[in-house]
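**Student:** Right, I'll just put the structure down here and ask away after.
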Amino acid sequence: MTRFLLIWSKINERWYFGMHMADALVAPAVATTMYLCSAVAGGYSVRQVRALNEPKKVPVMGVMGAFVFATQMINFTIPGTGSSGHLCGGMLLSALIGPYAGFLTMIGVLLIQCLLFADGGLLALGCNIWNMAFYGCFIGALLIWKPMMRRGASKKKIVAASVLGCVLTLQLGAFSVTLETLASGITELPFQTFVAVMQPIHLAIGLVEGLITAAVLCFVYEARPELLWGTDESTQRQKARFSLKKTVAILAVLTVWIGGGLSLFASANPDGLEWSMEKVAGTTELDAKGAAYQKAADIQEWTALLPDYAFKNSESMAGTSFSGVAGAAVVVAVCVGGCYLFKFFGKNQKHE
């Protein structure tokens, strides 16, 4: 029991990053540039989702957004490294709802993590959207998943596409982190050394994410094959094992179980970004001074009702469980509510 409490205290005290960048890593000019890049990709995604006009995707967007949120709370240990990692989710979302709806869903997830849980910096949010969502949703889905599924899906193809896509997109995301840090020039992280540490650890994390993604997609392939995006007509016509409602319900139950229960046993090891920073700079505590950083910190302090996925000023395990379930519910509300609020699915629009 004493050992468990010690592990729990380490989990509760550490800052959740994933590949989420902190504000201290990026200069305001770089942050602004990445906000603009992410906004352009987001705007284009809105246009494409409206053109496709597939309102049946709305509940899947909500549930899978919540599922990604919950799974991102589970840091898994990378054996032999002293590091950990977690799912990014861009590939998983895009394989089910397409790259454009997937990208918008990822924006919702990252926005909630940032504001409600102070996970990742507000100034760095544009960077985090680009690094964690853009590559998975567009590079992984469009250049790897869709070509491999064009002539029909199979479990072997799903595993291969998931692993290849996740490994490649995490490598791109990790490299983007180092480039954004280099361009910012406000830290003492040598570029070549930082890259040499970041890329191998995220290669291992990408491999694990690929296997997790493949497991979920193989379940969907058996349960409701027509839910898989980018597949041919033969896959779409395959016999479904479960109804759509039952499939969504199973994924929803898994989300609650992961966010409310399994999250308590997340690895206490530093994640790939923290681990890399510690290897290169000897610390993960980087200071950033300036009005922009202070303003961003003030906003997060006001909006973060559950900072670090816990009750304020409390080390209770109930805080993490509550954060997992409540956060998933908020993601569903934001994703589904956003679809109707911004009229992503218009009645008068035609299918492509």
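The values are calculated or read from the model by the stated rules, or taken from the named source; none is laboratory data. Treat the numbers as computed from the prediction; the structure is a model and nothing was measured. Cβ placement follows ideal geometry from the backbone for every residue including glycine, while neighbour counts extend to all protein chains displayed. For accessibility, only protein heavy atoms count, side chains too; no ligands or nucleic acids. Shrake-Rupley method; radii C 1.70, N 1.55, O 1.52, S 1.80 Å.
**Student:** So, in segment 167-198, of the ones that are under 19 Å from THR283 (Cβ atoms), polar (S, T, N, Q) and part of a helix (DSSP H, G or I), which residue ends up most open to solvent (accessible area, probe 1.4 Å)?
**Tutor:** THR193
**Student:** Here's a follow-up. Is it true that some residue in segment 194-205 is within 30 Å of VAL58 (Cα to Cα) and in contact (Cβ under 8 Å) with a residue 60 or more places away in the chain?
**Tutor:** yes
**Student:** In addition: Quick test for you: out of THR213, THR187, THR178, pick the one residue that is more than 20 Å from the chain's Cα centre (by Cα) and among the β-branched types (Val, Ile, Thr). Outline the logic, then answer.
**Tutor:** Details: THR213 fails: more than 20 Å from the chain's Cα centre (by Cα); THR178 fails: more than 20 Å from the chain's Cα centre (by Cα).
That would be THR187, the only listed residue that is more than 20 Å from the chain's Cα centre (by Cα) and among the β-branched types (Val, Ile, Thr).
**Student:** Then there is this: Please work out if MET73 is buried (at least 22 other Cβ atoms within 10 Å of the Cβ) and not in a helix (DSSP H, G or I). Reasoning before the result, please.
**Tutor:** Working: buried (at least 22 other Cβ atoms within 10 Å of the Cβ): yes; not in a helix (DSSP H, G or I): yes.
Spelling it out, MET73 is indeed buried (at least 22 other Cβ atoms within 10 Å of the Cβ) and not in a helix (DSSP H, G or I).
**Student:** Residues to consider are LEU273, LEU203, LEU211; find the one that is surrounded by 17 or more Cβ atoms within 10 Å (Cβ to Cβ) and assigned to a helix (DSSP H, G or I). Give the derivation first.
**Tutor:** Values: LEU203 fails: surrounded by 17 or more Cβ atoms within 10 Å (Cβ to Cβ); LEU211 fails: surrounded by 17 or more Cβ atoms within 10 Å (Cβ to Cβ).
Result of the check over LEU273, LEU203, LEU211: LEU273.
**Student:** Give me the residue from segment 96-111 that is under 16 Å from ARG50 (Cβ atoms) and in contact with a Lys or Arg (Cβ under 9 Å, 6 or more places away or on another chain) and, out of that set, most open to solvent (accessible area, probe 1.4 Å).
**Tutor:** The residue in question is TYR100.
**Student:** Go through segment 287-315 and report how many residues are open to solvent by less than 50 Å² (accessible area, probe 1.4 Å) and either in contact with a Ser or Thr (Cβ under 8 Å, 6 or more places away or on another chain) or in a loop (DSSP other than H, G, I, E, B) (or both).
**Tutor:** Qualifying residue count, segment 287-315: 7.
**Student:** Now a separate question. When you go through GLY324, GLY337 one by one, which is the residue that is under 20 Å from the mean Cα position of the chain (by Cα) and buried (at least 16 other Cβ atoms within 10 Å of the Cβ)?
**Tutor:** GLY324
**Student:** Can you tell me which residue in segment 42-60 is modelled with the lowest pLDDT, limited to those that are more than 13 Å from GLY102 (Cα to Cα) and among the hydrophobic types (A, V, I, L, M, F, W, C)?
**Tutor:** Out of the qualifying residues, it is LEU52.
**Student:** Working only within segment 271-310, note down all residues that are over 20 Å from the mean Cα position of the chain (by Cα), among the acidic types (Asp, Glu) and either more than 29 Å from SER321 (Cα to Cα) or at pLDDT below 90 (or both).
**Tutor:** GLU278, GLU285, ASP287
**Student:** For segment 40-68, give me the residue count where each residue is closer than 29 Å to VAL256 by Cβ and assigned to a helix (DSSP H, G or I).
**Tutor:** Total meeting the criteria: 15.
**Student:** Right, next: Being in contact with a Pro (Cβ under 9 Å, 6 or more places away or on another chain) and on the phi > 0 side of the Ramachandran plot is the filter here, so list the residues in segment 256-297 that pass it.
**Tutor:** Within segment 256-297, just GLY290 meets the criteria.
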